[in-house]
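Structure first, then comments.
The values are calculated or read from the model by the stated rules, or taken from the named source; none is laboratory data. Note that the structure is a prediction, hence the values are computed from the model and not measured. All Cβ positions, even for glycine, are placed from backbone atoms using ideal geometry, and neighbour counts span all protein chains on display.
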Amino acid sequence: MALDRGKARAARKTTPPADDDLPFTTVEEMQDALRAVGVDPAEDDDIEMQFFVHHREEIQEHQAAQARQSGTMDLNADLSGAEGIPSGPEVESKPAPKTPRPPRPFVPGAGARVLDEVEATVRKYVVLPNEEAYVAVTLWAAATHGMPAWEHATRLVVISAVKGCGKTRLFEVLQPLCEEPLSVSAASTSAIFRSISDKVITIFHDEADTVFGPKARGNAEDLRGLYNSGFTPGAGQLVNVRGEEGEWTPQIFRTFAMVAIASKGVELPDTIMDRAVVIRMRKKLPSETVAGFRQKHIPEIRKIGGMLEDWVATVPQDIEPETPLDNREADLWEPLLILADAAGGAWPTRARQAAVSLIKAEDGIAVEDRSLDLLRDIKRLWPKENGKWATVVSTSDLLELLHSVEESSWDRHDYGRPITDRQVADLLRGYSIAPRLINVKGKRFRGYRLEMFKEVSARYLDQ
């Protein structure tokens with residue numbers, strides 16, 4: 001129970017600070033010192049209060065020590081709600097800064113033992129779909145401790161068709177292994193980028209299907225933009241920030257951060273999937289058993305995370321891994337391959353095998369851009385005249401053809417409603433194809449010409 005406001009005010013008038021290094025041993029001495037510089041505490045209580053707030057934690061410790069001696073300690077006592085003391089965001093309860101560790105030399109082979117320990121921890125509590133997944137999540141957890149030195153911040157996407165496949169449990173085990181984990185399943189986009197703008201954070205976004213699903217509303221596009229921009233260093237979001245006097249000033253918020261996203265039954269936007277190592281979870285068999293996970297296990301897992309952090313800090317920054325991958329795939333796997341090469345042992349080989357295998361698996365099951373589906377169906381359904389492709393087709397005729405194809409679902413494209421002429425135009429706009437006013441034998445109508453699709457077909461469908 002929080003302290004009563006009146007009692008707290010009385011306490012601050014009579015309780016001296018507990019820090020022996022302070023020049024005051026009593027409140028009266030503090031008041032005398034204020035009077036010596038021309039400040040009357042009775043008239044200007046704010047200055048006295050500033051002193052109190054600045055040393056609030058020391059005073060709380062002093063009161064707790066007195067309570068322990070008297071046997072009346074209140075574990076829930078809190079001075080933050082006392083009268084005159086700001087609460088909430090004005091006075092933040094910040095965790096103690098990490099004690100700087102002396103630099104350690106890089107020891108070849110030491111990393112393999114640490115990564116083995118991390119992998120064993122994941123295996124203890126979670127059943128992943130294949131061996132490659134264990135390699136990927138282990139290296140991804142290690143990579144969180146290398147930020148912001150990487151050229152790219154690899155996303156980890158964990159997807160399942162139904163609930164109960166272990167996505168949340170995987171996140172629970174990974175978080176204490178990673179650098180400064182932050183769970184944002186119910187957070188707004190603005191809260192996320194404000195959290196990561198000035199320090200290294202590892203984002204864990206569970207239940208992302210509620211944001212990116214077909215019936216979701218709200219900030220899906222803003223969140224997609226944040227996660228996409230945060231893949232590369234130097235990127236950020238420009239936001240207007242209100243100043244003390246009510247003025248608005250544009251400010252860049254840094255978005256470069258490692259991100260793990262879990263989704264049930266919903267594919268994430270392809271721009272996120274292209275930047276991610278994708279793990280597709282499945283229900284475990286009765287023969288696949290793991291240890292029960294409890295909150296009491298977190299401190300031990302966090303110790304292993306500390307070992308991982310210590311080792312990553314020793315990894316040389318000039319490693320340039322050879323990769324069997326190209327383009328975006330090479331970018332997202334680069335931090336993981338660097339750490340695998342630094343670890344040695346079987347990790348360099350296992351990492352490359354995992355990269356190739358997981359990417360190949362996604363090539364077979366990832367949902368493709370809907371616009372490509374539309375192009376394929378237009379090519380397949382385009383009308384013919386005397387055995388040759390017709391030179392033009394009206395928009396109304398094209399829609400009728402699309403709606404007639406049951407397997408392509410264009411008749412229930414938009415929440416069960418058929419695709420419209422505007423939606424067709426929107427999907428084709430990215431290929432520089434747009435409906436035109438056409439005049440054929442005195443008949444005027446809006447539609448498409450065959451020549452519009454020839455080059456697009458050669459580039460996107462015929463290869």
- Task: State whether one or more residues within region 160-178 are free of Cβ contacts under 8 Å to residues at least 60 places away in the same chain, touching a His at 6+ places or on another chain (Cβ under 8 Å), within 22 Å of Arg275 (Cα to Cα) and buried (at least 17 other Cβ atoms within 10 Å of the Cβ).
- Result: no
- Residue check, Leu358 against (1) assigned by TED's automatic domain parsing to the domain that holds Glu267; (2) touching a Pro at 6+ places or on another chain (Cβ under 9 Å); (3) touching a residue at least 40 places away in the same chain (Cβ under 8 Å), all met but one. Which one? (2)
- Query: Has region 121-144 got any residue that is surrounded by fewer than 18 Cβ atoms within 10 Å (Cβ to Cβ) and within 20 Å of the chain's Cα centre (by Cα)?
  - Reply: no
- Message: Condition check: part of a helix (DSSP H, G or I) and either crowded, with 17+ Cβ neighbours inside 10 Å or touching a Leu at 6+ places or on another chain (Cβ under 9 Å) (or both). Does Asp397 satisfy that?
- Response: no
- Message: Of the conditions (1) polar (S, T, N, Q); (2) buried (at least 20 other Cβ atoms within 10 Å of the Cβ); (3) under 24 Å from Ile338 (Cβ atoms), Thr189 satisfies every one except a single condition; which number is it?
- Response: (3)
- Message: Can you find a residue that is in contact with a Lys or Arg (Cβ under 8 Å, 6 or more places away or on another chain) and either over 28 Å from Ala136 (Cβ atoms) or in a loop (DSSP other than H, G, I, E, B) (or both) anywhere in region 208-223?
- Response: no
- Query: Which condition does Thr349 not pass, out of (1) at positive phi; (2) among the hydroxyl-bearing types (Ser, Thr, Tyr); (3) modelled with pLDDT of 95 or more, if it passes all the others?
  - Reply: (1)
- Residue match in region 268-275 (condition: in a helix (DSSP H, G or I), of a type outside the set (A, V, I, L, M, F, W, C) and closer than 30 Å to Val107 by Cβ): no
- Query: With respect to Phe453, is the statement that it is surrounded by 11 or more Cβ atoms within 10 Å (Cβ to Cβ) and within 22 Å of Arg370 (Cβ to Cβ) true?
  - Reply: yes
